[in-house]
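K.L.:
Questions regarding the structure given below will be posed in turn.
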Amino acid sequence: MPLNILFPDSRFERLDVERDVTGPDTILNSPRKDRFDAIELGAWENCDGIVVTRMPIDAGVVSHLKRARIVVRHGVGFDTVDIAACGEAGIAVCNVPDYGTTDVADSAIAMMLAFARGVAALDGALRTDLKGGWTTMHSVTARRLRGACFGVIGLGRIGTAAALRAHAFGMDVAFYDPYLPSGADLALGFSRARSLHELLARADVVSIHAPLTHETRAMIDAQAIAQIKPGAYLINTARGPICDTRALLDGLKSGRLLAAGLDVLPKEPATPDDPLVAAWQADEDWLRGRVLLNPHAAFCSPASLADLRRKAIETAFDYLHAGRLANCVNAEYLKQRR
């Protein structure tokens, strides 16, 4: 019987990249729906593996997976997959941790540079009033980066890539990551903060590169903003719920936080129900030039999407075809089951 791999919510019309990896004998089922109940149950029950983008794979879905042995999340984060329920069912859950490492790091640095040099604000001012905008006064977040402190929350693959880029601009790099083994700071020449409070108090730029977990959800709240170095930038290209956007807005209003660059939001797509989004959309004078919002696009480039597709299907196919398991994120639950 040929292998059957389900792509429930694939964004791609043709699975040519995936077919190049699996060859002609594997069934690649791509209904391209956004809800579990929009796909016939037989597709779930008969698949050997799943490559999923954003559709949640929760315990209810897992109960219908009769043959599946692996779920691969089309991306780095895997908070939309119930890794415990999958593990209890004997299903490995894997991610693709390295497809957009440099792209996301570049995006974080791009936001920092946009604030430091005022390029987006100055362009916007000129577009609104070509004559009146011909002035430096609209670059309200400008600062010299050389000698400033670039603070990283989560020194994994992307955090390290962003830190190395900041270091190349002559910035001092500090990081907070309680899960990183001792010595990483010495190997890279960075400074290690012993607590989040310590990092926030030192950093002129705070760049978030942590996964969304019960520990990091709303990590940047009102208390954290109160601890942040006055005049700092905060940049989040990780996961939206890590930041309380109400707290960010209050920090911007008080002046404690000079600028915020967000590629991700607690609720996506963005809506004016979010107070920060509403204030940004209103474009009031006091906030203008101090907030950048992107539509969760930091990972995006033609090269990164090609890598994502190839690496995801390789992970699923190698496990199903040859038993080679890579980038498994629920190994502890699989071991408990055994």
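K.L.:
Assuming 1.567 mPa s and 4 °C, estimate D for the range 101-293 with Stokes-Einstein, Rh taken as the Kirkwood radius over Cα pairs, in µm²/s.
P.N.:
Numbers: Rh = 16.8 Å.
Diffusion coefficient, whole number: 77 µm²/s.
K.L.:
Now a separate question. Find out how many positive minus negative residues lie around Thr237, taking Lys and Arg as positive, Asp and Glu as negative, among other residues whose Cβ is under 10 Å from that of Thr237.
P.N.:
Numbers: positive: Arg239; negative: Asp103, Asp106, Asp263.
With Lys, Arg at +1 and Asp, Glu at -1, the net is -2.
K.L.:
Can you grab the distance from the C-alpha centre of the range 285-338 to the C-alpha centre of the range 176-197, Å, no decimals?
P.N.:
If we compute the Cα centre of each part, the gap is 24 Å.
K.L.:
Still on this model: When the distances between all Cα atoms of the chain are binned every 20 Å from zero, what whole-number percent does each bin get?
P.N.:
29, 51, 19, 1
K.L.:
Would you grab the residues whose amide H sits under 5 Å from the one on Ile70? Only those 5+ places off in sequence or on another chain, please, with H modelled 1.01 Å from N.
P.N.:
Correct list: Ile50, Ala92.
K.L.:
Give me the Debye-computed log₁₀ of I(q)/I(0) at q = 0.10, 0.15, 0.23 Å⁻¹ for the range 139-248, equal point scatterers on Cα only, no solvent, two decimals.
P.N.:
Calculated log10 I(q)/I(0) at the listed q: -0.25, -0.58, -1.39.
K.L.:
Within 10 Å of each residue's Cβ, count the other Cβ atoms and sort Lys335, Lys267, Lys33 from fewest upward.
P.N.:
Lys335, Lys267, Lys33
K.L.:
With the radius of gyration and the Kirkwood radius both derived from the Cα set of the range 224-338, what is their ratio Rg to Rh?
P.N.:
Values: Rg = 19.8 Å, Rh = 17.0 Å.
My calculation puts Rg/Rh at 1.16.
K.L.:
Long-range amide H contacts for Leu257: which residues qualify at under 5 Å (H placed 1.01 Å from N, peptide plane, sequence gap of 5 or more or a different chain)?
P.N.:
Distant-sequence amide H within range of Leu257: Gly231, Leu252.
K.L.:
State the Cα centre-to-centre distance between the range 1-59 and the range 229-253 in whole Å.
P.N.:
Using only Cα atoms to place each centre, the spacing works out to 37 Å.
K.L.:
Treating the Cα atoms of the range 7-110 as identical point scatterers in vacuum, please give the log10 of the normalised Debye intensity I(q)/I(0) at q = 0.14, 0.22, 0.24 Å⁻¹, two decimals.
P.N.:
These q points yield log10 I(q)/I(0) values of -0.57, -1.25, -1.41.
K.L.:
Among DSSP beta bridges lying fully in the chain, give the percent that are antiparallel, nearest 5.
P.N.:
Looking only at bridges with both residues in the chain, the antiparallel portion is about 5 percent.
K.L.:
With the calculation restricted to Cα positions, what are the radius of gyration and Dmax of the range 119-163 in angstrom?
P.N.:
For the range 119-163, the Cα radius of gyration and maximum Cα-Cα distance read 16.0, 46 Å.
K.L.:
Excluding the sites themselves, what is the longest stretch of the chain that contains no GluC sites (Glu not before Pro) in a DSSP loop with at most 16 other C-beta atoms within 10 Å?
P.N.:
Details: sites that count: Glu13, Glu40, Glu215, Glu284.
Between the exposed loop sites, the longest stretch runs 41-214.
K.L.:
Of Tyr99, Tyr179, Tyr319, which is the most mobile in a GNM of the chain whose springs link Cα atoms less than 10 angstrom apart?
P.N.:
Tyr179
K.L.:
Continuing with the same structure: Give me the net charge for the shell around Ile313: Cβ to Cβ below 10 angstrom, other residues only, Lys and Arg +1, Asp and Glu -1.
P.N.:
Values: positive: Arg19, Arg309, Arg310, Lys311; negative: Glu18, Asp20, Glu314, Asp318.
So the environment of Ile313 carries a net charge of 0.
K.L.:
Among Asp82, Asp185, Asp273, which one shows the biggest mean-square fluctuation in a GNM of the chain, springs joining Cα atoms closer than 10 Å?
P.N.:
Asp273
K.L.:
Grab the eigenvalues of the alpha-carbon gyration tensor for the range 68-208, scale each by 5, take roots, and send me the semi-axes largest first in whole angstrom. Don't skip to the answer; put the middle values down first.
P.N.:
Details: eigenvalues 260, 99, 27 Å².
With the √(5λ) rule applied to the range 68-208, the semi-axes are 36, 22, 12 Å.
K.L.:
For Asp37 and Trp286, calculate 0.36 nm times their separation in residues minus their Cα-Cα distance, and state this gained length in nm to one decimal.
P.N.:
Numbers: separation 249, 0.36 × 249 = 89.64 nm, distance 4.61 nm.
Length difference between fully extended and current span is 85.0 nm.
K.L.:
Here's a follow-up. Which FRET efficiency value, to the nearest 0.05, do you get for Ser301 and Arg67 by plugging their Cβ-Cβ distance into 1/(1 + (r/R0)^6) with R0 = 51 Å? Mind dumping the intermediate values first?
P.N.:
Details: r = 35 Å, r/R0 = 0.69.
That gives a FRET efficiency of 0.90.
No lab work stands behind these numbers, since they all come straight from the coordinates. Fair warning: this is a prediction, and the values are worked out from it, not measured in the lab. Glycine also receives a Cβ, built like all others from the backbone with ideal geometry; neighbour counts cover every protein chain displayed.
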